[in-house]
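A.B. asks: What follows is a single structure, and I will ask about it in a moment.
The values are calculated or read from the model by the stated rules, or taken from the named source; none is laboratory data. This one's a predicted model, so the numbers in the text were calculated from it and none came from an experiment. All Cβ positions, even for glycine, are placed from backbone atoms using ideal geometry, and neighbour counts span all protein chains on display.
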């Protein structure tokens with residue numbers, strides 16, 4: 001069976017729904033199981049429906065998106081705070097911004113990774129399409 005035959009035999013998957021489910025750390029197929037078994041360790045398969053996740057190739061995209069979003073948010077907040085109150089002591093800046101950067105980065109990184117895995121699943125990338133065809 002060729003890739004074109006596989007693509008024609010599988011129903012279209014909702015990309016935005018898969019991205020939302022992945023962003024929440026849920027299985028993009030059933031929304032019941034969890035994608036992660038640890039902070040950033042992806043399950044080989046969904047514990048509920050059995051959808052295989054070992055196909056994913058998230059690589060450097062989740063850290064890139066995390067840096068992009070966190071950098072823009074923190075940079076904008078720093079400029080806003082400095083514009084509103086320009087006599088804030090430097091020690092307050094040194095306490096707030098690094099802590100907020102770390103918290104935001106650690107919160108967003110697994111969410112972006114899950115969203116990317118959901119997107120890859122919806123598009124059938126890296127073997128996700130062939131894996132779902134073989135399953136009854």
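A.B. asks: Spot the failing condition for residue 87; the list is (1) touching a strand residue (DSSP E or B) at 6+ places or on another chain (Cβ under 9 Å); (2) farther than 28 Å from residue 124 by Cβ, and only one is missed.
C.D. replies: Failing condition for residue 87: (1).
A.B. asks: Which is surrounded by 15 or more Cβ atoms within 10 Å (Cβ to Cβ) and without any contact (Cβ under 8 Å) to a residue 60 or more places away in the chain, of 97, 91, 121?
C.D. replies: 97
A.B. asks: A further question follows. Can you tell me which residue within segment 27-66, out of those that are without any contact (Cβ under 8 Å) to a residue 12 or more places away in the chain and outside any loop (DSSP other than H, G, I, E, B), is nearest to the chain's Cα centre (by Cα)?
C.D. replies: The selected residue is 64.
A.B. asks: Return yes when residue 112 is at pLDDT 90 or above and either within 16 Å of residue 128 (Cβ to Cβ) or surrounded by 17 or more Cβ atoms within 10 Å (Cβ to Cβ) (or both) and no when it is not.
C.D. replies: yes
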